[in-house]
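Every read-out reported here was derived from the displayed coordinates using simple, explicitly stated rules and does not represent laboratory data. The structure displayed is predicted, hence computed values, not measured ones. Glycine gets a Cβ as well: all are built from the backbone with ideal geometry, and neighbour counts include every protein chain shown.
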Amino acid sequence: MTAAEQARDMARPRDLFGHPRGLTFLFTTEMWERFSYYGMRALLVLYMVRYLLHPEHADKVIGLAALKHALEAISGPLETQPFSSQIYGLYTGLVYLTPLFGGILADRVLGQHRTILLGAALMAIGHFMMAFEPLFLFALTMLILGNGAFKPNMSAQVGGLYAPGDPRRDRAYSIFYVGINIGAGLAPLVCGTLGEELGWHYGFAAAGVGMTLALVIYLFAMPTLPPDELHRAIDEGVYDKPLSRDEWRGILALIILFVPTTLFWATYEQQGNTIALWADDYTDRTINLIVWKGEIPTTWFQAFNPFMIFAFTPLIVALWAWQARRGTEPSTVVKMSIGCFGVALANVIMIGAAWQAAGAPDASWLWLLAYFVVITIGELYLSPIGLSLVSKIAPARMVSMLMGLWLATSFTGNFIAGWLGSFWSGMDKTMFFVMIAGIAMIAGAVILAFDRPLRNVIKD
């Protein structure tokens, strides 16, 4: 054991519930950061369609006219809904492009800790800026840059809590993913309700409070976290060491899976875009229960997926453990293909909802419930598995950058999602869901085709 490894081992805090204490703090920090992101996201399209993009408000937004002109040069004339979908896709896409640069910044210049603090501060400022209509595009820019600095380094630090080969790593990412989705589940209920009932800016301010809490928790947690990979690489003399053949093969495997994973996110991310519009315009949201009667707020549907992740994760992990004992657990690549097929099936369910809506005033909200059940299971087979995969096969001195590269699949996916969403207003809804299901099926088939070629590279 080298001197650096001995020091690292001595500095490692005692475990809590079978995992390093740092996992609890990363879990909580990420939970509040995701609360802020999804709270703002739950309101964004509705805010633009119902309020901001109306002429009397849009004229006040600095730079909005120039952005619309640029997008129309590519897509043609844009009415309010297509324009809002394009902005939504551009924002959510760039949120997942900038982590590539945030990873490089951490790996080569600042280290993970300082880059995370920078990102958290930028996002907190951005959320509070949303309260000022003229600064709308500047606020989105702050959120995009802040997320880029924050996101890849938080995900990479989870893997840094564990020694190479530690079997707890996959479970740790599943636990971390639950934290993400607790925050994402609470966000529409709190921020969405405040935004719809009291005013848009109250919802955006609540998101800002959540991000501030994340920043405070991370500052408190820093003594329990692993050293920056940048400093480890310098101490161990591998900072400028050339990549080995096996390291290059691992990077190539990530690049191969990049395109079909992008298509997964393009179809999955309709949740916050066209599915939100479906819930608002085509869904009978009335509910009659013994304990409560009324109408489900549109933004509450955005909470279905994260709460189901919280509920389903233990079941999925138990299923994989049961399959592993029998030697039937799917490989990493097969799991990811199942995730794509899950999104396809969820959109087949929405085809049924569109048929009902065509013959009645509105479709039952139970169609959306079924949609979210199936798409959540699909997500659990792809998203946390992808994060764990990167932490396993990425060279330690490049883990934040490659985590950013992997997250960039969501950039291209969200950009495509926004472009697909622009067809919503002018397209038959049944055919729209057929299109989305078909794209997800293609992604699953492509990933599955690479299962055997990548088995020697990806060690499950």
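Here are a few things to note about the model shown:
- Under-5 Å amide H pairs with Ser364, H placed in peptide plane, nonlocal only: Asp284
- Among (i) 69, 50, 50; (ii) 60, 58, 46; (iii) 70, 66, 49, the entry derived from the coordinates for Cα extents along the principal axes in Å: (i)
- Under the convention that each Lys and Arg Cβ holds +1 and each Asp and Glu Cβ holds -1, the size of the dipole of the chain around its Cα centre is about 1160 debye.
- Taking trypsin sites (Lys or Arg not before Pro) as exposed when DSSP calls them loop and at most 16 other C-beta atoms lie within 10 angstrom, the chain has its longest site-free stretch at 61-325.
- Ranked list, fewest to most other Cβ atoms within 10 Å of each Cβ, for Val259, Val333, Val446, Val374: Val259, Val446, Val374, Val333
- C-alpha long axis of helix 80-95 to longest principal axis of the chain, angle in °: 10 degrees
- Taken one residue at a time, the phi angles of the stretch 111-126 give Karplus couplings (6.51, -1.76, 1.60, θ = phi - 60°) of x, 5, 4, 5, 5, 5, 4, 4, x, 5, 5, 4, 5, 4, 4, x Hz. Gly and Pro are set to x.
- The angle separating the long axis of helix 365-393 from the principal Cα axis of greatest extent in the chain is about 20 degrees.
- Counting neighbouring Cβ atoms within 10 Å and putting the fewest first, the residues Ile442, Ile287, Ile393 line up as Ile287, Ile442, Ile393.
- Normalising the average separation of contacting C-alpha pairs (under 8 angstrom, six or more residues apart) by the number of residues puts the relative contact order of the chain at 27 percent.
- Pair Arg50, Met431: separation of 7 Å Cα→Cβ label points (nm): 3.1 nm
- Multiplying the residue separation of Arg114 and Val259 by 0.36 nm and subtracting their alpha-carbon distance yields 49.1 nm.
- Exposed loop sites, defined as chymotrypsin sites (Phe, Trp or Tyr not before Pro) outside DSSP H, G, I, E and B with at most 10 other Cβ atoms within 10 Å, are absent from the longest region of the chain, namely 18-291.
- With Cα atoms, 0 to 90° folded angle of helix 136-160 axis to the chain main axis: 40 degrees
- For the pair the stretch 23-74 / the stretch 254-274, the C-alpha centres are spaced 20 Å from each other.
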